[in-house]
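Some notes on the structure that comes next.
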Amino acid sequence: MQDAKAQPEGMQRVTAALRAVGHPHAPQLLDDAARTAQQAADALGVQVGQIAKSIIFRRRSDDVAVLVITSGDRRVDEKKVDALVGKTGRADADFVKARTGFSIGGVSPVAHATPPVVLIDRELFRFDEIWAAAGHPHAVFRLHPQDLAKLTGNAPVADVVQAGT
């Protein structure tokens with residue numbers, strides 16, 4: 001791994017958060033951007049489903065960020081999310097950056113500026129190993145789906161995706 005000081009700021013926060021809990025896999029920088037699940041999968045040589053996408057929604061009742069960590073080959077069903085956490089809406093880039101501290105395309109499941117409400121897609125558990133963004137569009141880290149619960153404060157695992165995706 002490269003020197004943490006040379007890492008982009010968001011990646012430094014993720015690296016520190018992973019170190020703090022003894023996570024065995026440090027973030028790594030990819031040569032090319034991995035702003036989409038497909039780009040990340042191609043760069044890593046893994047299935048697109050192994051990419052843990054961090055999708056941010058805006059809960060309408062209190063303006064809290066809702067983080068849905070979903071498998072890269074699935075689409076989030078907003079009605080299922082709403083049934084679990086209350087009515088949500090789309091989060092624009094400014095909201096995402098303000099609440100998470102990350103830009104869209106690099107939102108990590110950990111080290112958010114403000115702790116979000118978190119849901120973990122059960123579809124991620126189809127895989128032994130998954131990859132998530134590490135605070136920058138070029139940065140990722142390896143983990144097991146089971147690690148997400150520990151890394152997110154025991155967020156619930158739920159059915160949050162559209163049928164047939």
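Overview of results
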| item | result |
| --- | --- |
| Principal-axis tilt of helix 9-20 within the chain, Cα atoms, nearest 10 degrees | 90 |
| Fraction of alpha-carbon pairs over 24 Å apart in segment 1-136 - percent | 27 |
| Rh by Kirkwood over Cα pairs, then Stokes-Einstein D for segment 87-138 at 0.890 mPa s and 25 °C, µm²/s | 199 |
| Label-zone membership for segment 129-165, site Leu44, 7 angstrom Cα→C-beta point, backbone N under 16 Å | 129-149, 151 |
| Alpha carbon convex hull of segment 58-165, volume per residue in cubic angstrom | 94 |
| Peptides ranked, highest mean first, by Cβ atoms within 10 Å: ranges 145-152, 64-71 | 64-71, 145-152 |
| Ile104, Ile120 arranged by Cβ crowding within 10 Å, fewest neighbours leading | Ile104, Ile120 |
| Point-to-point label distance, Arg90-Thr36, nm (Cα→Cβ direction, 7 Å offset) | 1.7 |
| Nonlocal amide H pairs with Val118, under 5 Å, H built at 1.01 Å | Leu67 |
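Each reported figure results from applying straightforward, stated rules to the coordinates on display, with no laboratory input. Note that the coordinates shown come from a computational prediction; the quantities given were computed from them, not determined experimentally. Here Cβ is always computed from backbone atoms with ideal geometry, including for glycine, and neighbour counts include all displayed protein chains.
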